[in-house]
Amino acid sequence: MENKVSRWCLVSMASIPLVMTLGNSMLIPVLPIFEKKVGITSFQSSTIITSYSVAAIFLIPVAGYLSDRFGRKIVILPSLVLAFIGGLIAGFSSWKVDDPFIWITIGRVLQGIGAAGATPIILPLVGDLYKGDDEKASSCLGIIETSNTFGKVLSPILGSLFAVFLWFLPFFSISFFSLISIILVFFFIKVPKGEEEEPQPFKQFLQKTKDIFKQEGKWLYPVFLLGVYAMLVLFAVLFFMSDILEKIHQIKGVKKGFVLAIPLFTLCIAAFVTGKKIKGDTAVMKWVLVIALIMMSASVVFVGYVSEKIILLLIVTSVLGTAIGGMLPTLDALITEGIEKGERGTITSFYSSSRFIGVAAGPPVMSLLMKEYLNMGYMAGGAIGAILLLIVWFLIKPEKRANKTKNA
């Protein structure tokens, strides 16, 4: 029996990655302000992003297992509440505490735990709702990923705008957006009836997970690596741009937010179009990944060289954004459509965890490379992309995957 998914259910699902993206990306343009107001170094300010992501990395697989065992919605709602509380702690400590860095970090860790329990559960939830309809699932995943990337477009603009009024207002705004998402999820996401299965014992779960990685590892591991690579490059470049737009180009405040949003806008458009076009076709997915990796590898090496010429910088980073936008919904679809429902939450959670590794590593790696090894770092990024291109070409086999998906 086909499950009808209402528009409000789609909006509710899309609100979760939107809120979690705002929770991280909104702070990137205001990190230089945090450094001055709190009296911290560039590396310390990068840990405001990293603390959120590190918490998520370790807890996402746990959330995936719990969602398979107890249900998607039961895990999502408490996680959103934690994100709400984390924003309040970070905001109030910035407002009232003399030396707030530790308390901001604690608030960010709580938000990361919230992200761990909410964001990765959306992918298997889409698979549950559209079971047996890969085309609709791909289209929905495109909308979800577009919401995620649209959050990235809004983030620098909103973060810069809020910071104009109060430098710590972005923290409070995260709690406000989390509250909206809590209300939407509570009222509009309906768990499909008759789909529940008897939860498997933990020992059996571990064995099944090992078996999946043994059987599907040839294509799963490359997908995980691509998730790490895409997010590491994206957040490293955004952190770098946030810094140089102020220091070299004297672009600050809301204007900086709009400039940062340009490559993210191309990412958003590419994610939306890709989600509509791939339609569960693994052969098309492989070619999207190949083309995206060629574009990424070719463009990332030039970011440092063109950083002093704003137009060229925006052209290069927009090409990079387009490539990442094409890659993300494709990776989502490969995993969601290639893994059976009972293990989908766990496997997609490992994938989401891999993406958070990239998010966590990007800003601190860039803060260490910026002073002396900038261009060398970007060239290394291009070389890694070329290696991943070869891995995708030889290890992701569309024909075999397509058959497996149909038989699942």
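The values are calculated or read from the model by the stated rules, or taken from the named source; none is laboratory data. Owing to the predicted nature of the structure, the values given are computational and were not obtained by experimental measurement. Quick reminder, even Gly has a Cβ in these numbers, built from the backbone with ideal geometry, and neighbours come from all protein chains shown.
Values as computed for the structure displayed
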{"item": "Residue check, Ser318 in a helix (DSSP H, G or I), touching a helix residue (DSSP H, G or I) at 6+ places or on another chain (Cβ under 6 Å), among the polar types (S, T, N, Q) and surrounded by fewer than 23 Cβ atoms within 10 Å (Cβ to Cβ)", "result": "yes"}
{"item": "Residue count, the stretch 27-83 (criterion: among the polar types (S, T, N, Q) and farther than 18 Å from Met231 by Cβ)", "result": "6"}
{"item": "Verdict on Ala270 being in contact with a helix residue (DSSP H, G or I) (Cβ under 6 Å, 6 or more places away or on another chain), within 17 Å of Leu334 (Cβ to Cβ), among the small types (Gly, Ala, Ser) and surrounded by fewer than 22 Cβ atoms within 10 Å (Cβ to Cβ)", "result": "no"}
{"item": "Failed item, numbered, when Ile311 is tested on (1) β-branched (Val, Ile, Thr); (2) touching a Gly at 6+ places or on another chain (Cβ under 9 Å); (3) over 25 Å from Ile212 (Cβ atoms)", "result": "(2)"}
{"item": "Yes/no for Gly362 being at pLDDT 90 or above and part of a helix (DSSP H, G or I)", "result": "yes"}
{"item": "Test: residue in the stretch 322-330 that is hydrophobic (A, V, I, L, M, F, W, C), in a helix (DSSP H, G or I) and touching an Asp or Glu at 6+ places or on another chain (Cβ under 8 Å)", "result": "yes"}
{"item": "Among (1) under 23 Å from Phe356 (Cα atoms); (2) out of contact with any Phe, Trp or Tyr (no Cβ under 7 Å at 6 or more places or on another chain) - the single one Phe165 does not satisfy", "result": "(1)"}
{"item": "Selection from the stretch 85-104 of residues that are among the hydrophobic types (A, V, I, L, M, F, W, C) and in contact with a helix residue (DSSP H, G or I) (Cβ under 7 Å, 6 or more places away or on another chain)", "result": "Ile85, Leu88, Ile89, Ala90, Val97, Phe101, Trp103, Ile104"}
{"item": "Tally, over the stretch 200-217, of residues that are part of a loop (DSSP other than H, G, I, E, B) and either farther than 23 Å from Phe70 by Cβ or in contact with a Pro (Cβ under 9 Å, 6 or more places away or on another chain) (or both)", "result": "0"}
{"item": "All positions within the stretch 349-390 that are closer than 25 Å to Ile291 by Cα, under 22 Å from the mean Cα position of the chain (by Cα) and among the β-branched types (Val, Ile, Thr)", "result": "Ile357, Val359, Ile384"}
{"item": "Members of the stretch 23-41 found to be at pLDDT 85 or above, at negative phi and either touching a Gly at 6+ places or on another chain (Cβ under 6 Å) or not β-branched (Val, Ile, Thr) (or both), listed by number", "result": "Met26, Leu27, Pro29, Val30, Leu31, Pro32, Phe34, Glu35, Lys36, Lys37"}
{"item": "Residue within the stretch 324-334 that is in contact with a Ser or Thr (Cβ under 7 Å, 6 or more places away or on another chain), under 26 Å from Thr47 (Cα atoms), at pLDDT 90 or above and small (Gly, Ala, Ser) present", "result": "yes"}
{"item": "Residue list for the stretch 105-133, filter: more than 22 Å from Ile74 (Cβ to Cβ) and buried (at least 24 other Cβ atoms within 10 Å of the Cβ)", "result": "Gly107, Arg108"}
{"item": "Residue count for the stretch 374-391, restricted to those that are within 20 Å of Leu238 (Cα to Cα) and surrounded by 14 or more Cβ atoms within 10 Å (Cβ to Cβ)", "result": "10"}
{"item": "Residue check, Ala261 buried (at least 18 other Cβ atoms within 10 Å of the Cβ) and touching a helix residue (DSSP H, G or I) at 6+ places or on another chain (Cβ under 6 Å)", "result": "yes"}
{"item": "Test: Lys4 is among the basic types (Lys, Arg), outside any loop (DSSP other than H, G, I, E, B) and modelled with pLDDT under 90", "result": "no"}
{"item": "All helices (runs of 4 or more DSSP H) inside the stretch 28-127 with 3 or more residues being touching a residue at least 40 places away in the same chain (Cβ under 8 Å) and under 22 Å from the mean Cα position of the chain (by Cα)", "result": "42-70, 72-96, 101-118"}
{"item": "Unmet criterion (only one of (1) part of a helix (DSSP H, G or I); (2) of a type in the set (Val, Ile, Thr); (3) modelled with pLDDT of 95 or more) for Thr274", "result": "(3)"}
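Results for (1) over 23 Å from Glu35 (Cβ atoms); (2) in contact with a strand residue (DSSP E or B) (Cβ under 6 Å, 6 or more places away or on another chain); (3) not hydrophobic (A, V, I, L, M, F, W, C), shown as yes or no for each residue.
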position	(1), (2), (3)
Leu80	yes, no, no
Phe101	no, no, no
Arg108	no, no, yes
Val126	yes, no, no
Glu135	yes, no, yes
